Amino acid sequence: MAMNILIATEKPFSAAATSQMRAILEEAGHTVTLLEKYKSAEELHAAVATANALIVRSDIVDAAVVAAAPELKIVVRAGAGYDNIDLKATADAGIVVENTPGQNANAVAELVMGMAIMAARNKYIGTTGFELGGKRIGLHAFGAVSRHVVPKAKGFGMTVTAFDPYCPVEAIKEAGVEVAQDLKSLYSGNDFVSIHIPATAETKGSIGRELIGLMPNGAVLINTARKEVIAESELEEMLAERPDLKYYADVRPGNADVLVERFGDRVFFTPKKSGAQTAEANLNAGVAAARQIAAFFATGCTKFKVN
Ligand code: 3PG
């Protein structure tokens with residue numbers, strides 16, 4: 001049966017990605033509507049009113065969006081983290097939620113390395129920096145992005161260690177990565193720590209003084225995950241107490257302006273989250289989302305269901 005598919009992205013996919021997504025969905029007999037760079041929730045509410053399926057990126061799908069979408073059957077978050085989607089409101093309304101795990105992981109991993117070099121070279125202002133070779137990088141969680149960081153960091157001659165209580169130790173070792181005993185030793189034993197945990201009730205505000213304070217002299221904390229996992233006031237305190245520390249993030253903190261004002265040369269925040277903003281990641285995640293929706297309506301497949 002022909003369905004109405006809405007692609008709603010405040011931060012658009014590349015034109016090539018949207019045209020391939022459209023081709024997949026139209027080939028399957030569906031109608032596609034594109035809502036890009038929208039400025040208000042009301043615009044999304046109006047667009048979703050007749051949608052049977054919705055593809056989003058970090059766009060907020062809360063109870064109000066669900067209420068505005070009486071025909072909605074499935075939401076696919078083209079990406080990994082689905083903390084932007086109200087899982088209860090969608091489940092209560094019988095709406096399936098899926099993500100596209102791993103599809104944009106390489107792009108994010110490349111940004112991690114870019115941030116590591118930028119921090120090591122003092123934002124390229126010409127002062128004496130340091131080399132990545134021989135340094136240690138700790139991966140806080142060992143999911144798809146971390147797995148892509150491993151060969152890149154090793155290519156730079158770095159030692160790679162990870163800690164992930166949800167990943168079997170053997171899987172980390174098989175990837176050629178050392179296993180930290182616990183989170184404290186991950187933070188105390190690495191020159192760089194790269195955060196790859198999702199934002200959940202358990203992880204929100206979990207990285208603060210206790211962990212950041214353990215980092216060795218001259219360490220760099222890189223966050224391409226979610227801003228919510230940082231205890232932001234404690235981060236500010238640590239940057240004040242430890243003039244050797246740096247914080248580089250693709251997820252602009254709530255206190256970004258204060259941090260830039262106080263520690264401008266030691267912090268960096270992308271103006272807009274850009275880890276997954278590559279042509280390749282747009283295509284991988286967008287096409288996967290389109291295929292998942294086509295499969296859902298064709299066969300009822302819900303392989304990537306998260307709610
Ligand atoms: C993800 O969870 O996949 C990343 O944070 C990418 O988010 P984006 O699609 O908003 O760039």
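The values are calculated or read from the model by the stated rules, or taken from the named source; none is laboratory data. Keep in mind that what you see is a predicted model, and the values were worked out from it rather than measured. Cβ placement follows ideal geometry from the backbone for every residue including glycine, while neighbour counts extend to all protein chains displayed. Note: accessible area is taken over every heavy atom of the protein model, side chains too, but ligands, DNA and RNA are not part of it. Shrake-Rupley method; radii C 1.70, N 1.55, O 1.52, S 1.80 Å.
Those residues that are open to solvent by 30 Å² or more (accessible area, probe 1.4 Å) and of a type in the set (A, V, I, L, M, F, W, C), I need them from region 192-207; list them, please.
Once the filter is applied, which keeps residues that are open to solvent by 30 Å² or more (accessible area, probe 1.4 Å) and of a type in the set (A, V, I, L, M, F, W, C), region 192-207 yields only ALA201.
With GLY176, GLY218, GLY205, GLY157 as the choices, which residue is at positive phi and in contact (Cβ under 8 Å) with a residue 60 or more places away in the chain? Let's see the steps before the verdict.
Numbers: GLY176 fails: in contact (Cβ under 8 Å) with a residue 60 or more places away in the chain; GLY205 fails: in contact (Cβ under 8 Å) with a residue 60 or more places away in the chain; GLY157 fails: in contact (Cβ under 8 Å) with a residue 60 or more places away in the chain.
So the residue among GLY176, GLY218, GLY205, GLY157 that is at positive phi and in contact (Cβ under 8 Å) with a residue 60 or more places away in the chain is GLY218.
In region 120-143, which residues are more than 18 Å from THR161 (Cβ to Cβ) and either in contact with a strand residue (DSSP E or B) (Cβ under 7 Å, 6 or more places away or on another chain) or open to solvent by 40 Å² or more (accessible area, probe 1.4 Å) (or both)?
Within region 120-143, ARG121, LYS123, TYR124, ILE125, GLY126, THR127, THR128, PHE130, GLU131 qualify.
Test of understanding: among GLY94, GLY126, which residue is modelled with pLDDT of 95 or more and not assigned by TED's automatic domain parsing to the domain that holds ALA69?
Selected residue: GLY126, the only one of GLY94, GLY126 that is modelled with pLDDT of 95 or more and not assigned by TED's automatic domain parsing to the domain that holds ALA69.
Return the residue satisfying two criteria in turn: it lies in region 45-59 and is within 16 Å of the ligand (Cβ to nearest atom) and part of a loop (DSSP other than H, G, I, E, B), and of such residues it is surrounded by the most Cβ atoms within 10 Å (Cβ to Cβ).
We begin by selecting, within region 45-59, every residue within 16 Å of the ligand (Cβ to nearest atom); these are 54-59.
When the remaining residues are screened for being part of a loop (DSSP other than H, G, I, E, B), the result is 57-59.
Values: ARG57: 23, SER58: 19, ASP59: 21.
Residue satisfying both the conditions and the ranking: ARG57.
Among the residues of region 156-163, is there at least one that is under 21 Å from TYR82 (Cα atoms), open to solvent by 50 Å² or more (accessible area, probe 1.4 Å) and either among the hydrophobic types (A, V, I, L, M, F, W, C) or under 19 Å from the mean Cα position of the chain (by Cα) (or both)? Steps first, answer last, please.
Initially, region 156-163 is screened for residues under 21 Å from TYR82 (Cα atoms), giving none.
The answer is no; no qualifying residue exists.
Quick check on my filter: what residues within region 94-112 are within 15 Å of the ligand (Cβ to nearest atom) and not in a loop (DSSP other than H, G, I, E, B)?
Once the filter is applied, which keeps residues that are within 15 Å of the ligand (Cβ to nearest atom) and not in a loop (DSSP other than H, G, I, E, B), region 94-112 yields VAL97, GLU98, ASN99, ALA105, ASN106, ALA107, VAL108, ALA109, GLU110, LEU111, VAL112.
Go through region 60-80 and give me each residue that's assigned to a loop (DSSP other than H, G, I, E, B), surrounded by 22 or more Cβ atoms within 10 Å (Cβ to Cβ) and more than 8 Å from the ligand (Cβ to nearest atom).
ALA69, LEU72 - these are the residues of region 60-80 that are assigned to a loop (DSSP other than H, G, I, E, B), surrounded by 22 or more Cβ atoms within 10 Å (Cβ to Cβ) and more than 8 Å from the ligand (Cβ to nearest atom).
Does region 218-237 hold any residues that are in contact with a helix residue (DSSP H, G or I) (Cβ under 6 Å, 6 or more places away or on another chain) and within 16 Å of the ligand (Cβ to nearest atom), and which are they?
Residues satisfying the conditions are ILE222, THR224.
Which ones in region 238-283 are open to solvent by less than 20 Å² (accessible area, probe 1.4 Å) and away from the ligand (no atom under 16 Å from the Cβ)?
Correct list: MET238, LEU239, LEU245, TYR247, ALA256, LEU259, PHE263, VAL267.
Looking at region 227-237, which of its residues are open to solvent by 40 Å² or more (accessible area, probe 1.4 Å) and in contact with a Pro (Cβ under 7 Å, 6 or more places away or on another chain)?
Passing the criteria: LYS227, GLU232.
With respect to ASP83, determine if the residue is within 16 Å of the ligand (Cβ to nearest atom), open to solvent by 40 Å² or more (accessible area, probe 1.4 Å), among the charged types (D, E, K, R) and within 27 Å of THR270 (Cβ to Cβ). Give the derivation first.
Details: within 16 Å of the ligand (Cβ to nearest atom): yes; open to solvent by 40 Å² or more (accessible area, probe 1.4 Å): yes; among the charged types (D, E, K, R): yes; within 27 Å of THR270 (Cβ to Cβ): yes.
The answer is yes for ASP83.
Taking the criterion of being surrounded by fewer than 14 Cβ atoms within 10 Å (Cβ to Cβ), of a type outside the set (Lys, Arg), modelled with pLDDT of 95 or more and within 14 Å of GLN292 (Cα to Cα), would at least one residue in region 1-20 satisfy it?
Checking region 1-20: not a single residue is surrounded by fewer than 14 Cβ atoms within 10 Å (Cβ to Cβ), of a type outside the set (Lys, Arg), modelled with pLDDT of 95 or more and within 14 Å of GLN292 (Cα to Cα).
Just checking, which of LEU186, LEU245, LEU239 is under 22 Å from ILE117 (Cα atoms), touching a Ser or Thr at 6+ places or on another chain (Cβ under 8 Å) and among the hydrophobic types (A, V, I, L, M, F, W, C)?
LEU186
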